[in-house]
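Structure, as C-alpha cells:
The values are calculated or read from the model by the stated rules, or taken from the named source; none is laboratory data. Bear in mind the structure is a predicted one, so any value in this text is a computation, not a measurement. Neighbour counts are summed over all protein chains in view; Cβ atoms, including those assigned to glycine, are modelled from backbone coordinates with ideal geometry. We work out accessible area using only protein heavy atoms, side chains counted, and drop any ligands, DNA or RNA first. Shrake-Rupley method; radii C 1.70, N 1.55, O 1.52, S 1.80 Å.
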Amino acid sequence: MSNLQAGTISAISNDQAGILGEWRSILDASSASRGVSPLELAQQTEEFLRLVIAGAADGTATGGVAGANWAEARAFLERLSRSRALLGFDSQHTASFIFSLKRPLFARVQAAYKDGDAALADQLWAVSELIDSLGMHTIQTFQKTREEVIKRQQEELLELSTPVVKLWEGVLALPMIGTLDSQRTQVVMESLLQRIVDTGSEIAIIDITGVPTVDTLVAQHLLKTVTAIRLMGADCIISGVRPQIAQTIVHLGLDLAGIVTKANLADALKLALQRSGLTVTRAV
C-alpha cells in the first residue's frame, strides 16, 4: 500500500473541521447516520479522523493497516463494528461510515496537488487504498461479530427448544419440537442426563409429537439418547409416535426393539405412574 506524503497529511490535518463537516453531511444524506445520535456521530468521526492522521503520519511503519501504527485505528473500527452489529445494523450501513470519508479526503488531496498530475494521481490512489483497507477490516470484524451473535442465538434457541419438565416425582419429560440432528441430540442428552442426576428421577419421557419426520438418522439419535439414559440407571419412554411416523419406521426397517413407545404424552405419563406404583383415579 502506498504511503501518504507529508503534503497530503498536512492538507488533511489542517482542515479537519471542514472534512468532518462534509463527512457528516454525506453520512446524513446517505442515511448512514440513521440510528446514531448526533453527539455520538460527532465523537466517532472526530476520533476516527484523528486516528487516520496519526496512523498515516508514522512513515517508518510498514505492513499497511495491519502495521503497529494502525493498531488504535483497527481497535476503534472493531469496537464500532461490534457495537453496530449488536444494535442490528447491516454491513452496508457500517461500511458506509468509512467509505463516505473518501470524498472529503479526495477534495483536500486535489487542492494540495493541483499543479502536479503524477503526485496527485499517486496520492489519490494512496488515500483510496487506505480507506478501502480500513473499510475491509471493518466489514470483516462486523461479519465475525454477526456470526458470533447468530451462533449464540442458535445455541440459546436450541436450549429453549429442549426444556426438561418434571411431570411427577421421579418422572421427567422432554418435549421435542423440530428436527433432531447431531448437535441437538448432544444438547438433549446433556440436559436430560443432568436433570436425572439433579432430581434422582427414574423415568424419562421423550415426546416427539413436534418432530416432523423420523428417518434413520433421527432414530439413531433417539437410540443414543435412550442408551445414555439407561446407563444412568433410569428408564425411557418415547411418546408422540403418530401413524405416519410408525409407518416410516416400519418401511425403513428401523430396530426400536426394547424401547417402550406410546402414541401420546398422556399414555406415557400413565405408564410412568404405573411403573412408579401410582394409580390415577377419577374423583367422584
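On the accessible surface of the chain, probed at 1.4 Å, how many percent belong to carbon and sulfur atoms?
54
Just how far, in whole angstrom, is region 162-241 from region 248-266 if you go by their alpha carbon centroids?
Using only Cα atoms to place each centre, the spacing works out to 14 Å.
Hey, got the Cα dimensions of region 158-240 along the principal axes, in Å, largest first?
31, 22, 20 Å, listed from the longest principal axis down.
May I ask you to list the residues of region 196-219 whose amide nitrogen lies under 16 Å from a point 7 Å from Cα along the Cα→beta-carbon direction of I259?
Counting only backbone N, you get 204-219.
Please state, rounded to one decimal and in Å, the Kirkwood hydrodynamic radius that the chain gives when every pair of distinct Cα atoms enters the mean of 1/r.
Details: mean 1/r = 0.0418 Å⁻¹.
One over the average 1/r among Cα pairs gives 23.9 Å for the chain.
Which of the aspartates and glutamates could be linked to K114 by a straight reach, that is with a Cα gap under 13 Å, when you skip same-chain ones fewer than 8 residues away?
D122
If you wrap a convex hull around the C-alpha atoms of region 212-277 and split its volume per residue, what is the figure in Å³?
Spread over its residues, the Cα hull of region 212-277 gives 83 Å³ apiece.
Label points 7 Å out from Cα along the Cβ direction at R152 and L87: separation in nm?
Result for the modelled spin labels: 1.7 nm.
Restricting to bridges with both residues inside the chain, how much of the DSSP beta-bridge set is antiparallel, in percent to the nearest 5? Show your work: numbers first, answer last.
Details: 3 of 17 bridges.
Around 20 percent of the beta bridges assigned by DSSP in the chain are antiparallel ones.
When the helix-only estimate is applied to the chain (DSSP H runs of n ≥ 4, each -39,500 (n - 2.57), divided by the residue count), what is the mean residue ellipticity at 222 nm, nearest 500 deg cm²/dmol?
On the way: 11 runs with 177 residues, N = 284.
Result for the chain: -20500 deg cm²/dmol, rounded to the nearest 500.
On alpha-carbon atoms, Rg over Rh for region 1-157 using Kirkwood Rh?
On the way: Rg = 16.4 Å, Rh = 16.3 Å.
Reported Rg/Rh, Kirkwood definition of Rh: 1.01.
At 0.36 nm per residue, minus the direct Cα-Cα distance, what do S133 and L231 gain on full extension? Give it in nm, one decimal, please. Intermediate results must be reported in sequence, preceding the final value.
Details: separation 98, 0.36 × 98 = 35.28 nm, distance 5.58 nm.
Result: 29.7 nm gained on full extension.
Once you keep just the Cα pairs under 8 angstrom separated by 6 or more residues, what percentage relative contact order results for the chain?
Details: 325 pairs, mean separation 39.4, N = 284.
The value is 14 percent.
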